[in-house]
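S.K.: To start, I am sharing the structure in question, which I have written as structure tokens.
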Amino acid sequence: MRNSGKSKFFLLYFLIAFFSKLFSVEVEFFFHPNEFSLGEVAKLEVKAYGDKPFRTLQTNVKKNGVRVRYVGSGTETQIINFKVSKTQIINFYVDTDREGSFQLPEISVQYDNQQYSSPSISFKVSKKTKNSQNSFLNPFSLDFEESSTDENPEVTFHTNKSVFYKGEPIVGYFVLYYNHYRQPFLERDPNQSISFPFFLSETLRQVTVQIEPEVIRNTIPRKTLVFSKEIYGLTALKSGSFLLGKTKFITGDSLRFNSLQETIDTSPAKVTVLDLPNNPPKFFTGAIGKFKMYFLKIPNQVFVGETAYIELMIEGEGGYEGITPMEFSNPNIKLISQSKTKNFQQLESGEYGFYSKVKFMYGYQITKISKELNDPYQFSYFAIPEKKYNTLTLPFPNFQILPKRSINTAPNSKAQNLNLKLPVLFLVLLAVFGILGYVGMKQYKFNLETKSFVAMVEGFGKKRNYFLSEFLEKQGVSATDSSWLSELISQNKDSNFSDVYKNLSKEDRATALNISKQMKVKE
């Protein structure tokens, strides 16, 4: 009896471990469409949910007339019912050399040192021109299905918040609700702009939104499709009630022969923008979120009559729209430059959201050796969780002030003055030739850099978007630089890349040149 009890215990333990492993899905295989024409390709997407190492074990498989080709990998941020996670994706193209019914060859991937294989997937490949059975009797027959007016397709704009503060960034996206499409086609009408009244808008890269594949809408079950090409970051500039996302979309069934496309108006999202609490601090300029502040660069010593350069950084969770430089009461302290960046990324809490970095450079003209009592740097922001204003304070940095640099005066004797006049012409000519040589050398170097950049872009061939980003990262280029170069090439695909390089800023040219040097080292 004791052995029997132990056996039951181990059996129960095994079953619990088995089913817990079975239902903790880490890798999934998605194949679409399951019916397509000869000469077209289907797509196999393998998704891993997490940040652990993920790679394919096969790149090119051909079996029983079916060819599977690895075409690249990427990552995306997913907002699933507003809960955000990171997904890694490996992509394959699938095609055949003839029509008929086929079975997808087994494809294996490795995630966290564990192997996963694709399930049994069947699909059908038809002739290039597919006619209905009664086409002989009615050559103009179309594939229509009856649909009630209550089940017409609908495109609605959604936001992750319907009530929020002025200056607080939110996320917005479009969703198609439909019933009778086998594979819906959805594209925004390029002739129509999108209405975002009193909002700053920007498209978010590498961010996708997923909701339930089927929902009950107006008491009717409807299928859903998110328009993932355009996910928006929105920031309100004014309080009140607004309708966001009013525009037009073109929709239809991409799998139905001779299906008619239709243009439909979107249903905008109604949002309420709240004013921030009264009596904000003196140094509040509209920043909302959670920030920290520190000095990036402080000089050790400065001579009287010269300028001290001081760099300050403000960074944290939230948008940079309300972060502005502070003005000092000392007129000798002036703002020289500023730079701002904002990314949609994983935050300290584990969730995903906006993270901003703002850098200010100040110049402090030193006029006397005695130290001046300068204002501390103060920055205020509104913290949403606490619903209160916070103020950060940094004392003005201290550094050593030295007396004015001594300049040796020239001798006054007439003999020395005569000796000095002789080489003046020579020095002037030398300076002129030096300037001309410097300009010529700089132009020559710039031409070499331009040719190097163009040669690098041409060397990428047809690689674009995440395929190019992935290729660059494999060559040792950082993810930030890879995304920047990929986006630059995509935005200027029809341009002359010599002109593109010439129009870049000094910082961007340095980044492009650094990538080019890394690629040459790899070669």
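The values are calculated or read from the model by the stated rules, or taken from the named source; none is laboratory data. Values in this document were obtained by computation on a predicted structure and should not be read as measured data. Cβ placement follows ideal geometry from the backbone for every residue including glycine, while neighbour counts extend to all protein chains displayed.
S.K.: Name the single residue that is farthest from F471 (Cα to Cα) among those in the stretch 485-507 being part of a helix (DSSP H, G or I) and within 20 Å of the chain's Cα centre (by Cα).
M.R.: Step one: of the stretch 485-507, the residues part of a helix (DSSP H, G or I) are 485-491, 497-502, 506-507.
If we keep only those that are within 20 Å of the chain's Cα centre (by Cα) as well, we get 485-491, 507.
Values: L485: 12, S486: 10, E487: 14, L488: 15, I489: 14, S490: 15, Q491: 18, E507: 23 Å.
Ranking the qualifying residues of the stretch 485-507, first place goes to E507.
S.K.: For residues that are touching a Pro at 6+ places or on another chain (Cβ under 9 Å) and assigned to a loop (DSSP other than H, G, I, E, B), scanning just the stretch 229-283, find the one that is farthest from E187 (Cα to Cα).
M.R.: Checking each candidate, the answer is K238.
S.K.: Another question about this same structure. From T263, T285, grab the single residue that is farther than 30 Å from L394 by Cβ and of a type in the set (S, T, Y).
M.R.: T263
S.K.: Oh, and also: Does F467 satisfy being hydrophobic (A, V, I, L, M, F, W, C), surrounded by 16 or more Cβ atoms within 10 Å (Cβ to Cβ), part of a helix (DSSP H, G or I) and touching a Gly at 6+ places or on another chain (Cβ under 8 Å)?
M.R.: yes
S.K.: Go through the stretch 144-162 and report how many residues are modelled with pLDDT under 90 and touching a Ser or Thr at 6+ places or on another chain (Cβ under 6 Å).
M.R.: 0
S.K.: Tell me, which strands (runs of 3 or more DSSP E) wholly within the stretch 167-219 include 2 or more residues that are modelled with pLDDT of 85 or more and either surrounded by fewer than 18 Cβ atoms within 10 Å (Cβ to Cβ) or in contact with an Asp or Glu (Cβ under 9 Å, 6 or more places away or on another chain) (or both)?
M.R.: The qualifying strands (runs of 3 or more DSSP E) are 169-178, 184-188, 199-203.
S.K.: Something else: From the list R464, R509, exactly one residue is touching a residue at least 40 places away in the same chain (Cβ under 8 Å) and not aliphatic (A, V, I, L, M). Which is it?
M.R.: Unique residue meeting the criteria: R509.
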